[in-house]
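The values are calculated or read from the model by the stated rules, or taken from the named source; none is laboratory data. The structure displayed is predicted, hence computed values, not measured ones. Note: ideal-geometry Cβ built from the backbone for every residue, glycine included; neighbour counts use all protein chains shown. Quick note on the areas: whole protein, heavy atoms, side chains included, nothing else; ligands and nucleic acids left out. Shrake-Rupley method; radii C 1.70, N 1.55, O 1.52, S 1.80 Å.
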Amino acid sequence: MSQIISKPAIRRLVERWLRQGKRVIAPVQVRPNLVSYQPVRSPDQVLLEGFVRPLNSIKQVVFPRHEQLFQYRVRGKQIDLLPAPLPDVERIVLAARPCDAAALPILDHVFNWEFRDATYNRRRELTTVVTLACTEYDAHCFCTSVGSQPNDTRGSDALLLDLGDQTLEVRCVTDKGQSLFAGQTEASTRTAPTGPGPERRADLRRVGQQLEQAFERSEWAAWTNRCLGCGACAYGCPACHCFDMVDEGGPTCGARVRNWDACQFGQFTLHASGHNPRNAQSQRQRQRIYHKFHVYPNKFGELLCTGCGNCTRNCPVSLGVLPVLEAIQAEGAK
Amino acid sequence: MRPMTNIYQPDLMEVLDVQQQTTDVKSVRVRFRDDARGDDFLFRVGQFGMFSLFGYGESTFNICSSSNWKDFVEFCFRRTGRVTEALWSLEKNDTIGFRGPYGNSYPMDKWIGKNLIFIGGGIAMPPLRCAIWYALENREQFGDITIVYGARRVQDLVFRQELDRWAEYDRVRVVPCVDPGGETPNWTGEVGFVPAVTERAQIPAGNAVALVIGPPVMIKFTLPVLAKMGLADRDIYTSLENRMKCGVGKCGRCNCGPVYVCKEGPVFTLEQLKSLPNEY
Amino acid sequence: MLQPLRETCRRLLQDGIVQVVIGYGQAVRAVEPYPVFITDPDDVGQLVWNEQCRTNLVKYLLRKEIRVLGKPAIVVKGCDERAIVVLEQESQIDRSQIVVIGVACDGMAEPRCEVCDAHQPRFADHTIGHATNETQPAERRYAHLCEFLEQPPSDRMAYWKAELERCVKCYACRQACPLCYCERCIVEKNRPACLDTSATLKGNFAWHIVRAFHLASRCVGCDQCSRVCPEGIDLRLVNLSMARASEASFGHRSGTDPQAELVLGNYSQQDQEHFIR
Ligand code: SF4
Ligand code: SF4
Ligand code: SF4
Ligand code: SF4
């Protein structure tokens, strides 16, 4: 037996969630060629089909690109710190891609590595993630190469699968998912078939071993020379989580804030003394690859990549991780 | 795991004293504004803190006071960037922010019974100083102590007055040095670069560990000297100074090869260092 | 066109006239062509040319990673090469040390292509293919902007708020821009900090206004910023706006005349002052 729900019924649910004051984030057609996750104001904005994957990611829901950590007030010698209030609005991410949801457990490790990040965890608790299995792929998708697939439920509270004729199968994964759909679905005998997913290009779970030997390779420059050193790959990546902390405001009042940052920026590791441990773009690219496929896996036992392909999709020059990994593997095969 | 508080919000600390060490280096003594926090505060020498001035931001400094000193902590900085520029004008009674202590520490327990060699250059004295005081205060636990400390000129030596005090301890040898041309007429220390002075000093290296901190060139040329003296890579320690923002293993900035310097460092043996990429 | 292009590049490399060719390569049709840096004459087969070559490669003349490869030849379209003209005027490159290979372009399906008057490159050392350059009256060139400006100011403000709200400050626009070449961009200066680095609406407005100020009269309208923006922000509107002001007030179209005096670098008695109040 399976559970099903019609698309109009889902939209009615969205209507209700919005009325209840919940925040709903879903894929939205922002312009003709751009689908991105945005807070929705009305149910008909939510895309439930006809897109590959949004160009941004759902990490913004738990790890916003900008947040105040606390405010400070300075009056003479008196300084007061006003802690940022903990978030309290419930969020529902609807029709997220599985390659987005899969990044949440990955981020959990980082934000709880000995020191627990309170606002991250709070947002995580407040968030319910409903994914929508993929039926379309593009040349950049490679979830099957990192051991995932288009109906992977990792990080999802519930997974929706398209059955055609405006009907979705609902697979609840967690209690959160259960309670979200309780009483909203109908029993059915229909189940969605498992599609093949994008072509499996490599087994990237094993690329770490190859990387052991590849650090000193002279080809890094050739593999990555076209990189322009922007943040498009990292900011669109569901798993990248580097950030910067700065004070904004004046000497009398302001806030310490946290902003997304990216290891591809030349300034990222630059010391005040002028020394830059990663001075060349190829070193910075190598860092990104190693962090995702070697460093993080060795620490937390999984890749820091879900195979979503957004890094390449967003890259001004079609770089991102897959082309580099394929180049490394091609060299290794020689 | 620790309880969930805002890990990015600092404690407030009161400035007790500011000492100008050189033309561009100052040391600052601070105390927690909250007495209870101060009473609870424990750290191990070698750890660092995130020190901040509100409106300017945070900077990472080693806690350069000994962990035996209970009523205050000290840090030392050179005026180089936005935050340190602002810290330069700190006065007594000012308030700063502090988060920490973070990172690993010098394995003082492991060093018990050993001869200690401290080698430092320039602004690198503070991270040696905490360990030196700690060792002197637990004098009976350690063997001979040798301190080689050099700077470009006499006036660039940080904590210069303390060098003489250290030398008064039993079985402690202090070898201050300045680069050629950096000496003053009444300079009684050595003249020469740290690696050469270390070699000349004929330090007995049996059963010794060395803590070497300083500019990359100094380290580069001192390491072969230590090797020649017979020190193994696992007995040579240093402290890295990667750029950090969060200090708690999240922001990604200090990641160097397999380690996060803020969590698995900043203290590494040469043996460990050799397995890291040269990106620090 | 591809054969003559590859042949030209092979010859330049073989004869040692250049050490590297900055051109386009492509793995599969489904993925846009990307920049390649060919140093071996036997590799010129990697070069492609098609209607997807939207990247302006001129940025790579400035990147130190590419500069170390030696004297370059670069493949450009008529719109791209305008950036070379400006870089030379601004003393960022030594034109004699660069071989420019212009390729006639039928259009890259980009918005600017509809009003292109530079299908045939004009300042290249070698030109591949033929195309006709029609003159495009200003009304046509700025039509997209004019249409936008017909809206009342409040609607325009609402538009920009909605658009810039999405900007994540990935700086892809800056990194892809051939004329954003500051060693340290003003957003990265922190002594004093001039601009909020936060990607808030306020910080984003500040960023785009400052960037526009720095590009006014210099922007050549290659619209790379628009092309690369992962948030789909139509920065072309800003570019057109700057270009129109420059043309209307100073008769200057950036990068179209190597002999022209730069607007920001020169003072003339005839300069308009109507905007100074
Ligand atoms: S590295 Fe690229 S493919 Fe992997 S999760 Fe990030 S954006 Fe997606
Ligand atoms: S790989 Fe692409 S997106 Fe990432 S920094 Fe380089 S140019 Fe930007
Ligand atoms: S603007 Fe002109 S030269 Fe440039 S891509 Fe479009 S058609 Fe080609
Ligand atoms: S490319 Fe787009 S999102 Fe990135 S900084 Fe520029 S305008 Fe903002």
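How charged is the neighbourhood of C:T127? Take every other residue with its Cβ under 14 Å from the Cβ of C:T127, and add Lys/Arg as +1 and Asp/Glu as -1. Intermediate values should be presented prior to the final figure.
Numbers: positive: C:K77, C:R122; negative: C:E7, C:D80, C:E81, C:D125.
With Lys, Arg at +1 and Asp, Glu at -1, the neighbours total -2.
Can you run phi through the Karplus equation (6.51, -1.76, 1.60; θ = phi - 60°) for the range A:233-240 and list ³J(HN,Hα) in whole Hz, with x for Gly and Pro?
5, 5, 6, x, 7, x, 10, 5
Nearest 100 Å², what total accessible surface is buried between chain C and chain A (probe 1.4 Å)?
Values: alone 14290 and 16150 Å², together 27620 Å².
About 2800 Å² of accessible surface is lost on pairing.
Taking the alpha-carbon set of the range B:159-280, what are its Rg and Dmax in Å?
For the range B:159-280, the Cα radius of gyration and maximum Cα-Cα distance read 16.9, 51 Å.
Order of A:98-105, C:230-237 by packing, highest average Cβ count within 10 Å first? Could you put the intermediate results ahead of the total?
Values: A:98-105: 24.6, C:230-237: 21.2.
My ranking of the peptides, most packed first, is A:98-105, C:230-237.
Given contacts defined as C-alpha pairs under 8 Å and at least six residues apart, what's the relative contact order of the range A:51-114, whole-number percent?
Contact order relative to length: 32 percent.
At most 13 other Cβ atoms within 10 Å and a DSSP loop assignment: could you name the GluC sites (Glu not before Pro) in the range B:1-96 that fit?
Working: sites: B:E14, B:E58, B:E74, B:E85, B:E91; in loops: B:E91.
Those satisfying the criteria are B:E91.
Relative to the first principal axis of the alpha-carbon coordinates of chain B, what is the inclination of helix B:125-137, with its axis defined by its Cα atoms, in degrees from 0 to 90 and to the nearest 10?
So the inclination is approximately 80 degrees.
Which three extents, in whole angstrom, do the alpha-carbon atoms of the range C:138-263 cover along their principal axes, largest first?
Result for the range C:138-263: principal-axis Cα extents of 37, 36, 24 Å.
If amide H atoms are built 1.01 Å from N in the plane of the peptide, which residues on other chains or at least 5 residues away come under 5 Å of the amide H of B:I117?
B:T146, B:V209, B:A210, B:L211
Just going by the charge dipole of chain A, with Lys and Arg at +1 and Asp and Glu at -1 on Cβ, which of A:L55, A:Q329, A:T269 is farthest out on the positive end?
Of the options given, the answer is A:T269.
Assigning unit charges at the beta carbon (Lys, Arg +1; Asp, Glu -1) and nothing else, what dipole magnitude in debye, to the nearest 20, does the protein assembly as shown show about its Cα centre? Display every interim value, and only then the final one.
Values: 107 positive and 102 negative charges, 170 e Å.
Taking the Cα centre of the protein assembly as shown as origin, the dipole is about 820 debye.
Heavy atoms only, probe 1.4 Å: what % of the accessible area of the protein assembly as shown goes to carbon and sulfur, would you let me know? Write out the running numbers ahead of the final one.
Numbers: 18090 of 36720 Å².
Using a 1.4 Å probe with all protein chains present, the protein assembly as shown comes out at 49 percent carbon and sulfur.
Using only atoms on other chains, find how many Cβ atoms lie within 10 Å of each Cβ of peptide B:8-14 and report the average.
On the way: counts 13, 9, 5, 1, 4, 0, 1.
Shielding by partners across B:8-14 averages 5.
Can you give the helix-only mean residue ellipticity at 222 nm for the protein assembly as shown, where every DSSP H stretch with n ≥ 4 adds -39500 (n - 2.57) and the sum goes over all residues, rounded to the nearest 500 deg cm²/dmol? Each step should come with its number before you reach the end.
Numbers: 31 runs with 251 residues, N = 891.
Theoretical 222 nm ellipticity from helices: -7500 deg cm²/dmol.
Determine the total buried accessible area between chain B and chain A, counting protein heavy atoms only with a 1.4 Å probe; round to the nearest 100 Å². Numbers along the way, then the final one.
Details: alone 13610 and 16150 Å², together 25550 Å².
Between B and A, the summed buried area is about 4200 Å².
According to the Cα gyration tensor, what semi-axes, each the square root of 5 times an eigenvalue, does the equivalent ellipsoid of the protein assembly as shown have, listed from largest to smallest in whole Å? Present the calculation step by step, with values, prior to reporting the outcome.
Values: eigenvalues 487, 263, 162 Å².
Value: 49, 36, 28 Å, ordered largest first.
What does the structure give for C:54-63 when I average, per residue, the other chain Cβ atoms found within 10 Å of the residue Cβ? Let's see the in-between values first.
Numbers: counts 1, 5, 1, 2, 0, 4, 4, 0, 0, 6.
Mean shielding by partner chains, rounded to a whole number: 2.
Packing-wise, with mean Cβ within 10 Å as the measure, how do A:23-35, A:298-310 rank, highest first?
Top of the packing list down: A:298-310, A:23-35.
Check chain A for me: any Cys whose beta-carbon has no other cysteine beta-carbon within less than 4.7 Å?
A:C134, A:C141, A:C143, A:C172, A:C227, A:C230, A:C242, A:C253, A:C263, A:C305, A:C315 - these cysteines have no disulfide-compatible partner (Cβ-Cβ under 4.7 Å) in chain A.
Which of B:T146, B:G214, B:V174 sits farthest toward the positive end of the charge dipole of the range B:143-224, with +1 on the Cβ of Lys and Arg and -1 on the Cβ of Asp and Glu?
B:G214
Using a 1.4 Å probe, what is the accessible area per residue for the protein assembly as shown, in Å²? Don't skip to the end; give the middle numbers.
Details: 36720 Å² over 891 residues.
That works out to 41 Å² per residue.
Taking the Cα centre of the range B:1-130 as origin and charging only Cβ (+1 Lys, Arg; -1 Asp, Glu), how large is the dipole, in debye to the nearest 20? Intermediate results must be reported in sequence, preceding the final value.
Numbers: 16 positive and 15 negative charges, 92 e Å.
My answer is approximately 440 debye.
Using the crude model of +1 on Lys and Arg Cβ and -1 on Asp and Glu Cβ, and no other charge, please compute the dipole size for chain A relative to its Cα centre, in debye to 20.
On the way: 41 positive and 33 negative charges, 123 e Å.
For this selection, approximately 600 debye.
Average partner chain C-beta neighbours within 10 Å, per residue of A:250-258?
Working: counts 2, 5, 2, 2, 3, 3, 9, 6, 6.
So the per-residue partner count for this stretch is 4.
Highest mean first, how do B:184-193, C:252-261 rank when packing is the count of other Cβ atoms within 10 Å averaged over residues?
By packing density, highest mean first, the sequence is C:252-261, B:184-193.
Which loop-located chymotrypsin sites (Phe, Trp or Tyr not before Pro) does the range B:52-127 contain, where loop means any DSSP state but H, G, I, E or B and the Cβ has at most 13 other Cβ atoms within 10 Å? If you can, show how the numbers build up before the last one.
Details: sites: B:F54, B:Y56, B:F61, B:W69, B:F72, B:F75, B:F77, B:W88, B:F98, B:Y102, B:W111, B:F118; in loops: B:F54, B:Y56, B:W69, B:F72, B:W88, B:W111.
Loop-located and lightly packed - none at all.
Given a Förster radius of 22 Å and the C-beta distance between B:R152 and C:K64 as r, what FRET efficiency does 1/(1 + (r/R0)^6) yield to the nearest 0.05?
Details: r = 31 Å, r/R0 = 1.40.
Result of the calculation: an efficiency of 0.10.
Over the range B:28-95, what is the relative contact order in whole percent, taking alpha-carbon pairs under 8 Å and six or more residues apart?
Numbers: 82 pairs, mean separation 20.8, N = 68.
Relative contact order here is 31 percent.
Summing +1 for each Lys or Arg and -1 for each Asp or Glu, what net charge is found among the other residues whose Cβ lies under 14 Å from the Cβ of C:G232?
Working: positive: A:R31, A:R313, C:R166, C:R227, C:R236; negative: C:E110, C:E163, C:E165, C:D223, C:E231, C:D234.
Charge balance near C:G232 sits at -1.
Tilt of helix C:153-166 relative to the longest C-alpha principal axis of chain C, in degrees (0 to 90, nearest 10)?
50 degrees
Relative contact order (percent) for chain A, with alpha-carbon contacts under 8 angstrom and 6 or more residues of separation?
Values: 627 pairs, mean separation 67.5, N = 334.
Relative CO of chain A lands at 20 percent.
Got a sec? Which residues of the range A:116-131 lose 40 Å² or more of accessible surface with every protein chain in place, vs. that chain alone, 1.4 Å probe?
Correct list: A:R116, A:A118.
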